[in-house]
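Here is the structure we will look at.
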Amino acid sequence: MRYISTRGQSPALSFEEAMLSGLARDGGLYVPESIPQLSIDDIRAMQGQSYEEVAFRVMRPFVGDGFSDAVFADLIAKAYAGFGHGARAPLVQLAPNHFLLELFHGPTLAFKDFAMQLIGQLFQEALERRGERVTIVGATSGDTGSAAIEAFKGLKNVDVFILYPHGRVSEVQRRQMTTPPEDNVHALALDGSFDDCQARLKDMFNHFEFRDSVRLAGVNSINWARVLAQVVYYFSSAVSLGAPDRAVSFTVPTGNFGDIFAGYIAKRMGLPIDRLVIATNQNDILDRCMKTGAYQTGTVEPSISPSMDIQVSSNFERALFDAYGRDGGAVAQLMDELKQGGFSVSQGALEALREHFDSGRVSEQETLDWITKANTSMGELLCPHSAIGVAVAEAQRAADVPMITLATAHPAKFPDAVEKASGIRPPLPNRMADLYERSERVTRVDNDLASLESLIQERIKT
Ligand SMILES: *Cc1c(COP(=O)(O)O)cnc(C)c1O
């Protein structure tokens, strides 16, 4: 299996090379050259299997020869061993034909652990075999950073630097990034928004001299290996509800379009998915684009669902690549226009997107209302992101198709918003109950490429 860039100008790479580099050198994102197909029988064979067994079957065709079957199975086992639930991604029922997929039983209480714990294992194995070391730099609106630090802390062949927007992440998110004592972990609080963090990260990747000198690697959701790991729970949950003999729909709280794009890949592989519903907060560029075809960035309005406070949705580029018939030149041109503030999706491409995706947007007040309502009438205490998903799913779901809403974080990760809406302050699980007592370590940084690069170079020398 080879991986090609959405902008058509970079050479094709193996799975391992695409994983270790992150972003393509032409600025594009890696996608598989073709999508492996699972037959009805392949999918039926997943019924009753463990999460790890499903993970192996779903991901194996994408991974290629770099990892043997035995090694790959072993890395999957290690990745999910630290989760606080035997099913890894359990389903609970909210209402008739509406289910919640709990993706928050990993070490940092958000769905990002599913991908990050696995790529931590894959990186370590690949780098040790190659005798190489890398510098991982990530941008985070809160959850990616804590998940990356948790997955890479203490690894011999890796330094990990995480850029987060100063003052715009929750206290639990910040503490998860600033309290690990391992000296290969570097939390950087940037003066700016998440989009600024992501823009500086892209600048570093496009500055080839720097990129090569520190052997830069990326673990943001632009990394294909992360998308791939997330495809698994679409299969495991759909199969629990009767796939392949019954179609299901999914609603996904979305910011960077990574999680929902994984659902689209599951569908392309043959999983019978009826609708994929995009759920956004007030930073609604994706909802506006699906409704009007205009992909216009606005200013980010900080919300109580900070992990979705995004106006440049990186993984949307992958969906556009397919919607434009895999024309890398057309995608490169759109991304140029985006630098001027936005672009219009062509009528044909918009129709192609609407074949798979619906969308909805939820205001701040509606988010709080749904936390309250889900607690009183569904018996579920939801984090604000998950509440946005449930709100959109309840508005849009069809009576005859089961709807699965992805619960992307544990309510205890966002205790202020949850308490405001429900009167309940959700406690942290026991294993991290002392988080508020641990000492913090963080460096404040300017929104400036040159100073960031020199800081990183100095830190990895010592
Ligand atoms: C990252 C995150 C999201 C958004 O996921 P994308 O892949 O960026 O769409 C939603 N909710 C939570 C809690 C997150 O951490």
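The values are calculated or read from the model by the stated rules, or taken from the named source; none is laboratory data. Quick caveat, the model's predicted, so the values are computed rather than measured. Because the Cβ atoms are built from the backbone with ideal geometry, glycine has one as well, and the counts that use them run over all protein chains shown. Areas reflect the complete protein model, heavy atoms only, side chains present, ligands, DNA and RNA absent. Shrake-Rupley method; radii C 1.70, N 1.55, O 1.52, S 1.80 Å.
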All-pairs alpha carbon distance profile, the stretch 164-312, 10 Å steps from 0, percent: 10, 29, 35, 21, 5, 0
Accessible-area composition of the stretch 1-101, carbon plus sulfur, in percent [1.4 Å probe]: 51
Table column - 3J(HN,Hα) (Hz), the stretch 215-221, Karplus curve with 6.51, -1.76, 1.60, x for Gly and Pro: 6, 5, 10, x, 10, 5, 5
Relative contact order computed over the stretch 182-335 (Cα-Cα under 8 Å; 6+ residues apart), in percent: 20
Cα gyration tensor category, rounded, prolate or oblate, for the stretch 201-284 with a/c compared to 1.5: prolate
Built amide H within the under 5 Å cut-off of D358, gap 5+: L276, V277, I278
Accessible carbon and sulfur surface of the stretch 361-462 relative to its total accessible area, %, 1.4 Å: 48
Amide H within-cut-off set for I404, under 5 Å, with H built and near neighbours excluded: F99, S249, F250, T251
Percent RCO, i.e. relative contact order, over the chain, from Cα pairs under 8 Å lying at least 6 residues apart: 19
Per residue value of the accessible surface for the stretch 99-153 (all protein chains in place, 1.4 Å probe), Å²: 21
Amide N of the stretch 209-225 lying under 17 Å from the label point, which is placed 7 angstrom from the Cα of T443 along Cα→Cβ: 210-211, 213-217
By average C-beta atoms within 10 angstrom, highest first, the peptides 228-235, 421-428: 228-235, 421-428
Calculated from backbone phi, Karplus (6.51, -1.76, 1.60) coupling profile of the stretch 202-208 in Hz, x at Gly/Pro: 5, 4, 5, 5, 8, 9, 4
Global form of the stretch 47-109, assessed from the alpha-carbon gyration tensor, a/c cut-off 1.5: prolate
Mean Cβ count within 10 Å, highest first, over the residues of peptides 124-136, 22-34, 244-256: 244-256, 22-34, 124-136
Packing rank of 14-20, 275-281, 360-366, 292-298, where each peptide gets the mean count of other beta carbons within 10 Å, highest leading: 275-281, 14-20, 360-366, 292-298
Carbon/sulfur fraction of accessible area - the stretch 218-338, other protein chains in place, 1.4 Å, %: 49
J(HN,Hα) series, the stretch 141-152, from Karplus relation 6.51 cos²θ - 1.76 cosθ + 1.60, nearest Hz, glycine and proline x: 8, x, 8, 4, x, 5, 5, 5, 4, 4, 7, 10
The stretch 343-406 - percent relative contact order, Cα under 8 Å, separation 6 or more: 27
Shape of the chain, Cα gyration tensor, a/c cut at 1.5: rounded
Solvent exposure of the stretch 393-462 as accessible area per residue, Å², 1.4 Å probe: 55
Largest-first ordering by accessible area, 1.4 Å probe, given options R226, R459, R444: R444, R459, R226
Helix-only mean residue ellipticity at 222 nm for the chain, each DSSP H run of n ≥ 4 adding -39500 (n - 2.57), per residue, nearest 500: -13000 deg cm²/dmol
Cβ-based net charge around F67, under 11 Å, with every Lys or Arg adding one and every Asp or Glu removing one: -3
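Keeping every protein chain present and rolling a 1.4 Å probe, give me the accessible area per residue for the stretch 158-298 in Å².
Solvent-accessible surface per residue comes out at 25 Å².
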